[in-house]
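Reviewing the structure listed below.
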Amino acid sequence: MLKTALTHVHESIGAKMVPFAGYSMPVQYTGLIQEHHAVRQAAGLFDVSHMGEFFVKGPQAEALVQYVTSNDVSKLSPGKIQYSCFPNENGGIVDDLLVYKLADDEFLLVVNASNIEKDFNWIKKHHTFDAELTDRSEQMSLLALQGPKALEILAELTSVDLGSIPYYNFQIGAVADIQNVIISNTGYTGAGGFELYIANEDAERLWNALMLTGAAYGLVPAGLGARDTLRLEMGFCLYGNDINDETSPLEAGLGWITKLNTDFVGKDKILAIKESGLNRRLVGFEMLDRGIPRQHYPIVNESGEVIGEVTSGTQSPSLSKAIGMGYVHTAYVAEGTEIFVEVRGKHLKAVVVKPPFLKK
């Protein structure tokens, strides 16, 4: 079991640790519900150092990234970030990722922990460009400071003007006297905040500084459990649940990051899928009957015919109701459509809604 630079810190404060993507990770500290509400109302600090970081540098760095990702990298200028995915040859998704433009000839690709080796090999397979590809996942740590108080907390530890960093932009500066921190206005919670990339040797110092400063603002450590309920309230996809090698970006509602005016791996297959029409779409739904939808539960229509499958589901702490996402036949994707989730042999009523479930 791999460890992050902070595993011993989590264990020392009583975190419940679980295996996740090959790492020993904190799923909760004081409890999922408390941590969830803290992020929505004040702030939470997540150790997400299991994520992968690839650097691409050289004269054709942009050309390589453009070819292996679905979004239009040419739209980025230094300091900007893009959500994207690696399409495969069959029109499915190898992984979803963030693309950071560090300089005209240098990019940072942030990928999911469970796919680090797979993604790196995928890029290498298509790498015929004049650029250097480096995997620095094991040398870097990543802390996510999320919530409405995140900016105030971080502002006490840096001279960088955080208010001048728009959403999906970043700056590089000092935080808590640690140099060259990538300060990224991104996150997976919908609560606002920053993600901070540092070297492993600086991770504990930064964690401690944030927790100490944040105590007055209600900052708590938050685990993977709250991370999942928070992202699902926003309708954010989780790789391995809502998207995978078999799902098309178009089916997953990710057409907005699939720029068909660029040339990328598998573009012809995605064009063919678009032209032939979709058979299914990823939708959000709220439960009307009592019951919690879970991954792989069948979705059926009023007649009991299977029309799809749940990909993610939970009891939403913010909404006090059960919510979920899943793929259904296109005849059932309209908002307000009644569907049923099969839970232990019972067909429980639900209604299709448009994410995010939690409206700002």
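The values are calculated or read from the model by the stated rules, or taken from the named source; none is laboratory data. Being a predicted model, the structure only gives us computed values, none of them experimental. Don't worry about glycine lacking a Cβ; one is built from the backbone with ideal geometry, like all the others, and counts go over all protein chains shown.
The set of residues from the stretch 155-177 being under 20 Å from N200 (Cβ atoms) and not in a loop (DSSP other than H, G, I, E, B) comprises F170, I172, G173, A174, V175.
Please verify whether the stretch 184-194 includes one or more residues that are at pLDDT 95 or above, farther than 18 Å from T30 by Cα, in a helix (DSSP H, G or I) and of a type outside the set (K, R).
First, the residues of the stretch 184-194 that are at pLDDT 95 or above: 184-194.
Imposing the further condition that a residue be farther than 18 Å from T30 by Cα reduces the set to 184-194.
Still in the running and in a helix (DSSP H, G or I): none.
The answer is no; no qualifying residue exists.
Checking each residue in the stretch 297-316 for being in a loop (DSSP other than H, G, I, E, B) and surrounded by fewer than 20 Cβ atoms within 10 Å (Cβ to Cβ) picks out N301, E302, S303, G304, E305. Applying the selection to the stretch 1-23, what residues are among the hydroxyl-bearing types (S, T, Y) and within 19 Å of the chain's Cα centre (by Cα)? Matches in the stretch 1-23: T4, Y23.
If you check I93, I123, I116, which single one turns out to be in contact (Cβ under 8 Å) with a residue 24 or more places away in the chain, farther than 21 Å from D263 by Cβ, β-branched (V, I, T) and surrounded by 20 or more Cβ atoms within 10 Å (Cβ to Cβ)?
On the way: I93 fails: farther than 21 Å from D263 by Cβ; I123 fails: farther than 21 Å from D263 by Cβ.
Only one candidate qualifies: I116.
Go through the stretch 234-275 residue by residue and tally those that are in contact (Cβ under 8 Å) with a residue 24 or more places away in the chain, assigned to a helix (DSSP H, G or I) and surrounded by fewer than 15 Cβ atoms within 10 Å (Cβ to Cβ). Going through the stretch 234-275 one residue at a time, the tally reaches 1.
Within the stretch 221-239, is there a residue that is of a type in the set (D, E) and over 27 Å from S316 (Cβ atoms)? No, the stretch 221-239 contains no residue that is of a type in the set (D, E) and over 27 Å from S316 (Cβ atoms).
Residues in the stretch 52-65 that are surrounded by 22 or more Cβ atoms within 10 Å (Cβ to Cβ) and touching a residue at least 60 places away in the same chain (Cβ under 8 Å): G52, E53, V56, A61, L64. Here K75 meets each of (1) touching a residue at least 12 places away in the same chain (Cβ under 8 Å); (2) farther than 19 Å from L230 by Cα; (3) surrounded by fewer than 19 Cβ atoms within 10 Å (Cβ to Cβ) with one exception, condition (1).
The set of residues from the stretch 325-342 being over 15 Å from G253 (Cα atoms), in a strand (DSSP E or B) and of a type outside the set (A, V, I, L, M) comprises E338, F340, E342. Taken over the stretch 214-230, the criterion of being surrounded by 19 or more Cβ atoms within 10 Å (Cβ to Cβ) and either under 19 Å from V352 (Cα atoms) or without any contact (Cβ under 8 Å) to a residue 12 or more places away in the chain (or both) is satisfied by T229 alone.
For the stretch 135-192, residues that are closer than 27 Å to K3 by Cβ and among the polar types (S, T, N, Q) total 9. Being surrounded by fewer than 17 Cβ atoms within 10 Å (Cβ to Cβ), closer than 18 Å to G187 by Cα and either modelled with pLDDT under 95 or of a type in the set (S, T, N, Q) (or both) is a property that holds for Q41.
Condition check ((1) of a type in the set (D, E, K, R); (2) part of a strand (DSSP E or B)) across all residues:
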| residue | (1), (2) |
| --- | --- |
| D96 | yes, yes |
| V110 | no, yes |
| K118 | yes, no |
| K124 | yes, no |
| T128 | no, no |
| L143 | no, yes |
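Going by the structure shown, is L212 within 18 Å of V48 (Cβ to Cβ), outside any loop (DSSP other than H, G, I, E, B), at pLDDT 95 or above and of a type in the set (A, V, I, L, M)?
no
Assessment of the stretch 344-354 against the conditions (closer than 22 Å to L238 by Cβ, assigned to a loop (DSSP other than H, G, I, E, B) and free of Cβ contacts under 8 Å to residues at least 60 places away in the same chain) yields no matching residue.
Considering only the stretch 26-36, I want to know if a residue exists there that is touching a His at 6+ places or on another chain (Cβ under 7 Å) and either in a strand (DSSP E or B) or not polar (S, T, N, Q) (or both). Yes, the stretch 26-36 contains a residue that is touching a His at 6+ places or on another chain (Cβ under 7 Å) and either in a strand (DSSP E or B) or not polar (S, T, N, Q) (or both).
Out of the residues in the stretch 130-141 meeting the condition of being assigned to a loop (DSSP other than H, G, I, E, B) and over 20 Å from the mean Cα position of the chain (by Cα), tell me which one is surrounded by the most Cβ atoms within 10 Å (Cβ to Cβ).
A131
Residues that are among the small types (G, A, S), buried (at least 18 other Cβ atoms within 10 Å of the Cβ) and in contact with a strand residue (DSSP E or B) (Cβ under 9 Å, 6 or more places away or on another chain) within the stretch 164-189 comprise S184, G187, listed in sequence order.
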